[in-house]
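One structure is given below, encoded as structure tokens.
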Amino acid sequence: QVQLVESGGGLVQPGGSLRLSCAASGIIFRNYDMAWYRQAPGKQRELVAATTSGGSTNYADSVKGRFTASRDNAKNTVYLSLNSLKPEDTAIYYCNAHRVNRDHWGQGTQVTVSS
């Protein structure tokens, strides 16, 4: 059974930082592309950052220079460091594992940026 469990969300002031984690089980983690998506109220889910099985990483333009995605294949975990947070970053952040025609999702973790 595949499980993706996100953690690390919370309430933070503008300009603050958070670090999200996503622990995976039930998959051969190193073979999967791992990504972070987010969904704000009333908006579609959007890709935030992705780190491939080959080690490359890419980001949405809106978070470049502020967010950093990384993965630890030994721990079956992917991370997302969020810096210089803005109110518009408020959303539920979801972890995704993708390989060929397989997609797995976590339950999401809430990030709220507010003073």
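Points worth noting:
- Looking across D61, D103, one residue alone is within 30 Å of Q1 (Cβ to Cβ), over 11 Å from the mean Cα position of the chain (by Cα), surrounded by fewer than 20 Cβ atoms within 10 Å (Cβ to Cβ) and not hydroxyl-bearing (S, T, Y). It is D103.
- The number of residues in region 73-95 that are part of a helix (DSSP H, G or I) and touching a Leu at 6+ places or on another chain (Cβ under 8 Å) comes to 1.
- Consider region 1-55 and keep the residues that are among the aliphatic types (A, V, I, L, M) and open to solvent by 40 Å² or more (accessible area, probe 1.4 Å). The one that is farthest from A97 (Cα to Cα) is L11.
- Conditions (1) out of contact with any strand residue (DSSP E or B) (no Cβ under 7 Å at 6 or more places or on another chain); (2) surrounded by fewer than 14 Cβ atoms within 10 Å (Cβ to Cβ); number of the one not met by N73: (2)
- Members of region 77-87 that are open to solvent by less than 50 Å² (accessible area, probe 1.4 Å) and under 14 Å from the mean Cα position of the chain (by Cα): T77, V78, Y79, L80, S81, L82
The values are calculated or read from the model by the stated rules, or taken from the named source; none is laboratory data. Computed from a predicted structure; not experimentally measured. FYI the Cβ positions are ideal-geometry reconstructions off the backbone, even for glycines, and counts take in every protein chain you see. To get the accessible areas, we keep the full protein, side chains included, count just its heavy atoms, and leave off ligands, DNA and RNA. Shrake-Rupley method; radii C 1.70, N 1.55, O 1.52, S 1.80 Å.
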